[in-house]
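Some notes on the structure that comes next.
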């Protein structure tokens, strides 16, 4: 691998142990549904880690509940989800090695958060966690992750061979693949590896080399 001058970092499950927070919030929104419907909703949620909650909530309502919400109703649902997760994510523990990675590498390369969380929310969370000292910038939905990466590469004059994307979901792997950036997958102990054979995976960010 060439000298790395930029890291694109997913947030939930890569920097912060917040994946289960998001899953619990999703379950809480639909807990009153029949068991089989809830199971289908949660299977869809798990299979689409890393994509915008707006996309997932709309899909679940339309395909599993047969409901098409009005703009105001849908906005209220999205806000309900945000209220369930934001403060919990602010207080969630770091992924082992994540804080040290940011502290160690922020002076030698660009560090970008590329998240599926709404951009205003992920910026508030990063600020409240005291992360902005180390991060070059923070980005979230609705922009697709690949588009964010392309925009940042153009803005900072970055070459794909000098960049690495670290993510924990296929949405992250896809963004790296679409932009030609090397990928490292974080697969926490006890979780299934979602990535194609041959993908480099790590259990956490301790002692990470690239």
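Computed from the coordinates by the stated procedures, all read-outs in this text should not be read as laboratory data. None of the values given here were measured: they were computed from a predicted structure. For neighbour counting, all protein chains shown are included, and Cβ atoms are generated from backbone atoms with ideal geometry for every residue, glycine included.
The value of relative contact order for region 1-99, using C-alpha pairs under 8 Å at least six residues apart, is 44 percent. All C-alpha pair distances within region 8-130, sorted into 10 Å bins from zero, spread as 12, 42, 29, 13, 4, 0 percent across the bins.
Remark: 163, 5 ranked as 5, 163, counting other beta-carbon atoms within 10 Å and listing the fewest first. Take every pair of alpha-carbon atoms less than 8 Å apart whose residues are at least six positions apart; their mean separation over the length of the chain yields a relative contact order of 29 percent.
Rounded, prolate or oblate: which one fits region 135-210, using the alpha carbon gyration tensor with axes a ≥ b ≥ c (rounded when a/c is under 1.5, else prolate when a/b beats b/c, else oblate)? Prolate, since a/c reaches 1.5 and a/b exceeds b/c. Label point of residue 137 set 7 angstrom out along Cα-Cβ; within region 147-178, amide nitrogens under 16 Å from it belong to 147-159. When peptides 14-24, 81-91 are ranked by their average number of other Cβ atoms within 10 Å per residue, the highest-first order is 14-24, 81-91. Enter the angle in degrees (range 0 to 90, nearest 10) between the Cα long axis of helix 170-179 and the first principal axis of the Cα atoms of the chain, meaning the one along which they spread out most. Approximately 50 degrees, to the nearest ten.
Taking the C-alpha atoms only, the angle from helix 119-128 to the longest principal axis of the chain is near 60 degrees. Its alpha carbons considered, region 19-91 gives a radius of gyration followed by a Dmax of 11.7, 35 Å.
Taking the centroid of alpha carbons for each part, region 1-75 and region 125-151 are 19 Å apart. Against the longest principal axis of the chain, how steep is helix 19-29, in degrees 0 to 90 to the nearest 10, with axes from Cα atoms? Value to nearest ten degrees: 20. By the Kirkwood approach, averaging reciprocal distances over each pair of separate Cα atoms, the chain gets a hydrodynamic radius of 17.7 Å.
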